[in-house]
Every structure is written in C-alpha cells, then in structure tokens.
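Bear in mind these aren't lab numbers, they're just calculated from the coordinates by the rules spelled out. Predicted, not measured: the structure shown is a model, and the values here were computed from it. Virtual Cβ from ideal backbone geometry, glycine too; neighbours counted across all protein chains shown.
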Amino acid sequence: MSKHLKRLASPVTWRQPRKTFKWSVRPRSGPHGLMESIPLMVIARDILHLADTSKEARNIISRGLLQIDGKVVKDYQRPVGFMDVISIPATGLLSRILMDKNGILIMADVDPKDSKWKLVKVTGKKIIGNGKIQISTHDGRVIITEDKSLKRGDSLKISLPDQKILDVYPMANGTSVFVTGGAHIGSITKIKEINVSRSYQENTVDCTDNFTTTVSNVFVIGKAQIMSGQGGA
C-alpha cells in the first residue's frame, strides 16, 4: 500500500489545508482506521504547526519529541484517533483527541492530572480460561481482567501507559455519553433509555436532549473529565 495520499482524497475528519500541497501521508495500519484517525505527521505539521514541511515534521517525530498515551512514538505514519492523549514534554502540551460538531478530529486541552489516563470503549469480550476475560477496545488494545460483568459498549478508564483499569463506566440509563456519529456528533448528553431491538437492527439510545441514535454512535464517558473546563452533561 502506498505511503502517500492525495490531500483532496484525505478523510474529511482531518483538519488540514487541502490545496496547499498535492500530497499528504497515509496512516499506517494500527489501532484506528483510516476514517477515524490522523497520521502523527499531519498533527505535527498541519495542526500543531511544529514544522513547515513533511521532512521537518518527520525529523521532529524521529527525535522522540511526541508521545501518544504516555509512550514515545517515532513513526510519522502512526494513526492517532479518538480519546488518544498527545503530549510534548518539551513544551508542556497536553491534548486529547475528540470530535467537533462537524465530525472533525480536534485536539482538546487536558489538565496534567487528566493526561495520565484515557477512556476506551469495550468492543469485544472473550473467555480465555482460568476465570480470565479478554477485553478488546476501540483503540486496538487487549486487556485481561477477571471482571465478568463488563459488556460491549461499556467504557474503561485506564492508566497510561500501563493500562491498568481505574474505573468502569457501564452503558446504562443516566450515564453521560459523547456522541461519535450521526446528526448530533460531537455532543455530550445523557442516556435516557436504551431500546433493545428484537430483530437484526442495532439497539438504539434515547438521549435526554430529545434525540435517538444507535448504540454504536455513543461513547460512554461517565464522570470522567475528558477535557479542560468540561461542564456537566
């Protein structure tokens, strides 16, 4: 697969000038898909403006100046997606990747204490024996736990970078959620009621802001402060 991607063909979730240059960079296969992520080089050059050219951006990244989820990343094609924490110790920058109301991935400031953890959505659950449960998450992680009550759609608050489970936020009535798809993308609301489908159709969620969406379009955030100055949902 080509390392390059024409800017005009890049996902609309990327915040970058589309007519400045012809080419951009394609994110490498990793924890987030093409449509749900931004390559680290695009963040360094086009969002943070740490460099003017791709060569300069690659040089900065290769020097290990940027961290994702508490770990140094030197791969300029590394995909960065929803809820990832980006930090630059040299400048003190601390940000979490969220979505605005147009579905564009943005960097939201976080307090230092809130940069030590992230939320991950449970996307799979598997029994592996000896009373252990293997949990798959939206960002490609695999977490081993003994908590059998976890289910798809729940969110885990994990420490960074060692991914220890600090708290569990179940998908339940009254829980605060971040809307990641549909007409109300980028909104923070609460679940009013979960409607279980009796057919092949996906379950839906009634929200307190008077709209309904599918369960795949909501990301449980519970009591977590995912950005600086966040108010209650």
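Using the Cβ-Cβ distance between D209 and I128 with R0 set to 41 Å, the FRET efficiency works out to roughly 0.55. The label point for K148 and the one for L166, both projected 7 Å from the Cα toward the Cβ, are 2.9 nm apart. In a DSSP loop and with at most 12 other Cβ atoms within 10 Å, the chymotrypsin sites (Phe, Trp or Tyr not before Pro) in region 149-217 are Y200. Only one residue of P27, G222, M107 has its Cα farthest out toward the positive end of the dipole of the chain, where Lys and Arg carry +1 and Asp and Glu -1 on Cβ, and that residue is P27. Pairs spanning more than 27 Å between alpha-carbon atoms, out of K101/K192; K151/K192; K74/K190: K74/K190.
To the nearest 0.05, how large is the calculated FRET efficiency for A183 and Q225 if R₀ is 30 Å and r is the Cβ-Cβ distance?
0.70
Reported to the nearest whole Å, the Cα centre-to-centre distance from region 100-117 to region 160-221 is 18.
Under the rule of -39500 (n - 2.57) per DSSP H run of 4 or more residues, summed and divided by the residues of the chain, what mean residue ellipticity at 222 nm is obtained, to the nearest 500 deg cm²/dmol?
Numbers: 1 runs with 9 residues, N = 233.
Taken over the chain, the calculation gives -1000 deg cm²/dmol.
Loop exposure criterion: GluC sites (Glu not before Pro), DSSP state outside H, G, I, E and B, at most 14 other Cβ atoms within 10 Å. Applied to the chain, the longest stretch between such sites is 1-145.
A full extension of the chain between V72 and A108 corresponds to an added length of 11.0 nm, given 0.36 nm per residue minus the alpha carbon distance. In terms of its C-alpha gyration tensor, region 96-202 comes out oblate, because a/c is 1.5 or above while a/b does not outweigh b/c. Residues of region 33-57 with an amide N closer than 19 Å to a point placed 7 Å from the Cα of T91 along the Cα-to-Cβ direction: 38-57. Filter K22/K223; K6/K125; K126/K223 down to the pairs with a C-alpha to C-alpha distance above 32 Å, please. With Cα atoms farther than 32 Å apart: K22/K223; K6/K125.
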